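Engineer: Please read through the structure below; I'll follow up with questions.
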Amino acid sequence: MENPSLEEIGTILKKAKRIAVVGLSNKPDRTSYQVSKVMQEAGYEIIPVNPTIDEALGVKAAHSLKEIEGHIDIVNVFRRSEQLLDVAKEFLEVDADVFWAQQGLVNEEAYQLLKDKGYTVIMDRCIKVMHALTK
């Protein structure tokens, strides 16, 4: 598995506007909430994707990626590594550009599935940290 260069990640983040966050919690003490709040404050549209909550960060939550209308620039995933393949399969069914698995998350099968179809895949990287490094 190989991530894009820091320069390429910077280009992705500068171009992106809408980020669907799979596994976003509505609890302020959770990493997914904290990271997404920073990204929202940086000007990104954050779309929570979590069937167990009604809303997060003041935005109505979608139960799945397929519920989101319109184009998604980045799908940012906060789910366990073993769940990434299922999220990757759903990613293929929506209009999205980049599959991003947060720090500590890697799934070779999901990575290969998406790379083979020509998608940009980033794994084991915190989007908040990458945003700070590439501003």
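Engineer: Straight-line reach from LYS27: which aspartates and glutamates have Cα under 13 Å away, leaving out those fewer than 8 places along the same chain?
Structural biologist: Correct list for LYS27: ASP54, GLU55.
Engineer: So, one more: I want to make sure I understand the PRE zone here: with the label point 7 angstrom from the Cα of ASP95 toward its beta carbon, which residues in the range 21-60 have backbone N atoms less than 18 Å away?
Structural biologist: Residues 21, 45-47 qualify, since their backbone N sits under 18 Å from the label point.
Engineer: May I pose another question? Projected onto the charge dipole of the range 1-81 (+1 at Lys/Arg Cβ, -1 at Asp/Glu Cβ, origin at the Cα centre), which of ASN50, ILE74, ILE12 gives the Cα projection farthest towards the positive end?
Structural biologist: Among ASN50, ILE74, ILE12, the one farthest towards the positive end of the dipole of the range 1-81 is ASN50.
Engineer: Then there is this: Using only helices, what value at 222 nm comes out for the chain when you add -39,500 (n - 2.57) per DSSP H run of length 4 or more and divide by the total residues, to the nearest 500 deg cm²/dmol? Show your work: numbers first, answer last.
Structural biologist: Values: 5 runs with 46 residues, N = 135.
Mean residue ellipticity, 222 nm, calculated: -9500 deg cm²/dmol.
Engineer: At a Förster distance of 22 Å, what's the computed FRET efficiency of VAL106 paired with ASN26, Cβ-Cβ distance as r, to 0.05?
Structural biologist: Values: r = 26 Å, r/R0 = 1.19.
The calculated FRET efficiency here is 0.25.
Engineer: Convert each backbone phi in the range 58-74 into a coupling constant with the Karplus relation 6.51 cos²θ - 1.76 cosθ + 1.60 (shift: θ = phi - 60°), then list the ³J(HN,Hα) values in order as whole Hz, x for Gly and Pro.
Structural biologist: Each residue of the range 58-74 in turn: x, 10, 4, 7, 8, 6, 8, 4, 5, 7, 7, 8, x, 6, 10, 6, 9 Hz.
Engineer: Counting only protein heavy atoms and using a 1.4 Å probe, what share of the accessible area of the range 35-127 belongs to carbon plus sulfur, as a whole percent? Show your work: numbers first, answer last.
Structural biologist: On the way: 1950 of 4460 Å².
With neighbouring chains kept in place, the figure for the range 35-127 is 44 percent.
Engineer: To make sure I understand the rule: partners must be aspartates and glutamates, Cα under 15 Å from the Cα of LYS117, and not fewer than 8 residues away in the same chain. Which ones qualify?
Structural biologist: GLU90, GLU93, ASP95, ASP97, GLU108, GLU109
The values are calculated or read from the model by the stated rules, or taken from the named source; none is laboratory data. As the structure is a computational prediction, the values presented were derived from the model and not from experiment. Backbone-built Cβ (ideal geometry, glycine too); neighbour counts: all protein chains shown. The accessibility values were calculated without ligands, DNA or RNA, using every heavy atom of the protein model including side chains. Shrake-Rupley method; radii C 1.70, N 1.55, O 1.52, S 1.80 Å.
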